[in-house]
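For reference, the structure is listed below as structure tokens.
The values are calculated or read from the model by the stated rules, or taken from the named source; none is laboratory data. What you see is a predicted model; the values in this text were computed from it and never measured. Note that we place each Cβ from the backbone using ideal geometry, even for glycine, and neighbour counts take in every protein chain shown. Accessible surface areas use protein heavy atoms only, side chains included; no ligands, DNA or RNA. Shrake-Rupley method; radii C 1.70, N 1.55, O 1.52, S 1.80 Å.
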Amino acid sequence: MIYLDHAATTPMRPAAQEAMEPFHSARFGNPSGVHEISRRAKNAMEEARERAAEFLGASHPLEIVFTGGGTEADNLAIAGAVLAADSTGKRDRGVVTVSTEHEAVLESARFVARLGYPATIVTVDRQGVVSSDAIAAELHRNPAVVSVMAANNETGTVQPVRDVAAIVGDLAVVHTDAVQAFVSEDITVEGTGAHLISIAAHKFGGPQGVGLLYVRNGIELEPVLHGGGQELGRRSGTHNVAGIVGMVAAMEAAVADRTDFRRRVGEMRDAFEAVLSNEIPDLEVHGAARRLVQHSHLRIPGVAAETLLIRLDQDGVAAAAGSACHSGAIEMSHVLAAMGMDEEEAGESVRFTFGWNSTMDETLDAARTVSKLVAELR
């Protein structure tokens with residue numbers, strides 16, 4: 001199988017697997033305990049926290065909150081910031097976000113709206129880019145949090161997070177979902193200007209089910225998970241020590257590989273699109289001029305995405321239509337709808353995404369397979 005669905009999840013890097021292995025056997029332990037076995041687990045986790053803080057450019061390790069993944073990190077960022085800002089009980093400070101955000105952000109915005117807080121969804125242009133001026137126009141609403149993702153998980157469109165953060169200033173907390181971007185973009189506290197940053201391990205070669213939220217010192221968050229008060233009371237629950245250690249090992253590998261990843265994967269993506277453009281003259285490439293190097297989101301007029309994906313799977317190529325974060329059914333993408341596409345255009349759109357272990361030979365084989373199947377289906 002040629003795997004071109006890295007935006008959904010990517011295979012674990014060897015460094016992550018190696019780092020995790022001892023914690024699945026001999027180095028077990030609950031880091032919240034007091035005996036030696038627990039202390040060993042605690043030390044490993046805190047060492048990982050220090051390294052994660054370093055990779056993100058955080059000023060202190062305790063600005064890193066470990067979570068069960070990107071979705072939880074987004075929920076904590078949005079709901080946590082809104083609820084923490086409501087010291088008077090007026091419920092007048094809510095969230096401003098963007099129509100193409102991941103559902104973890106949009107559903108968190110809808111959740112706080114059901115609680116009575118204002119939620120404003122800003123539109124994007126045909127390329128999927130939100131204007132920083134459009135965000136600025138909504139600041140009169142006095143939001144508690146403004147959330148703009150670093151790059152879109154479907155189209156790969158890179159958003160002007162730094163510009164948004166500069167405009168917002170100290171008027172609100174700025175959150176960015178950097179889950180899709182971290183593997184290829186220089187995601188740091190200084191680079192984004194954000195107060196809150198979400199990432200998830202399985203998007204850059206770490207294990208599934210673990211992520212983190214960077215929380216700038218001084219930012220108050222109301223916890224969304226309640227229990228034993230782990231993570232300084234910000235996220236209760238027994239820590240996934242093996243997952244945390246594996247995530248940070250993958251972070252280190254991704255950061256070290258990032259420059260070469262952009263060059264290598266960018267060349268693959270461009271070669272893939274070149275082959276398809278030559279064979280399919282009416283091919284449409286979606287996303288802004290500034291998009292992630294690993295994303296190729298395409299429309300092939302007259303070919304239903306669902307049919308093409310089934311045929312690709314039968315011929316040994318894994319790809320996707322829209323996000324893989326729903327129930328698994330192919331439905332109209334809210335991202336493509338927000339970009340102004342109709343149901344027919346969206347239904348003819350397919351996402352191919354490359355990763356750290358993709359090869360040029362596989363890429364060209366996949367492009368030839370897509371071209372062959374499109375000719376047959378047409």
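Would you mention how many residues in region 205-248 are more than 16 Å from residue 48 (Cβ to Cβ) and either small (Gly, Ala, Ser) or under 20 Å from the mean Cα position of the chain (by Cα) (or both)?
Selection size over region 205-248: 11.
Counting only residues that are surrounded by fewer than 19 Cβ atoms within 10 Å (Cβ to Cβ) and touching a residue at least 40 places away in the same chain (Cβ under 8 Å), which one in region 339-357 is farthest from the chain's Cα centre (by Cα)?
Ranking the candidates gives 345 first.
Check residue 188 against each of (1) open to solvent by 10 Å² or more (accessible area, probe 1.4 Å); (2) closer than 30 Å to residue 357 by Cβ; (3) free of Cβ contacts under 8 Å to residues at least 40 places away in the same chain; (4) of a type outside the set (A, V, I, L, M, F, W, C) and name the one condition it does not meet.
So the condition that residue 188 fails would be (3).
Can you say whether residue 151 is over 25 Å from residue 84 (Cβ atoms), aliphatic (A, V, I, L, M), free of Cβ contacts under 8 Å to residues at least 24 places away in the same chain and open to solvent by less than 40 Å² (accessible area, probe 1.4 Å), as far as the supplied structure shows?
In short, no.
Would you pick out the residues in region 83-111 that are of a type in the set (Val, Ile, Thr) and within 21 Å of the chain's Cα centre (by Cα)?
Once the filter is applied, which keeps residues that are of a type in the set (Val, Ile, Thr) and within 21 Å of the chain's Cα centre (by Cα), region 83-111 yields 95, 96, 97, 98, 100, 105.
Please go through (1) under 30 Å from residue 47 (Cβ atoms); (2) open to solvent by 40 Å² or more (accessible area, probe 1.4 Å); (3) in contact with a strand residue (DSSP E or B) (Cβ under 8 Å, 6 or more places away or on another chain) for residue 294 and return the number of the only condition it doesn't satisfy.
The single condition residue 294 does not satisfy is (2).
Sort through 91, 40 and tell me the only one that's on the phi > 0 side of the Ramachandran plot and open to solvent by 80 Å² or more (accessible area, probe 1.4 Å).
91
Does residue 231 satisfy the condition of being over 24 Å from residue 295 (Cα atoms), in contact with a strand residue (DSSP E or B) (Cβ under 7 Å, 6 or more places away or on another chain) and either outside any helix (DSSP H, G or I) or open to solvent by less than 20 Å² (accessible area, probe 1.4 Å) (or both)?
yes
For a quick check of your reading: which strands (runs of 3 or more DSSP E) sit entirely within region 30-141 and have at least 1 residues that are free of Cβ contacts under 8 Å to residues at least 40 places away in the same chain and in contact with a helix residue (DSSP H, G or I) (Cβ under 9 Å, 6 or more places away or on another chain)?
Result: 119-122.
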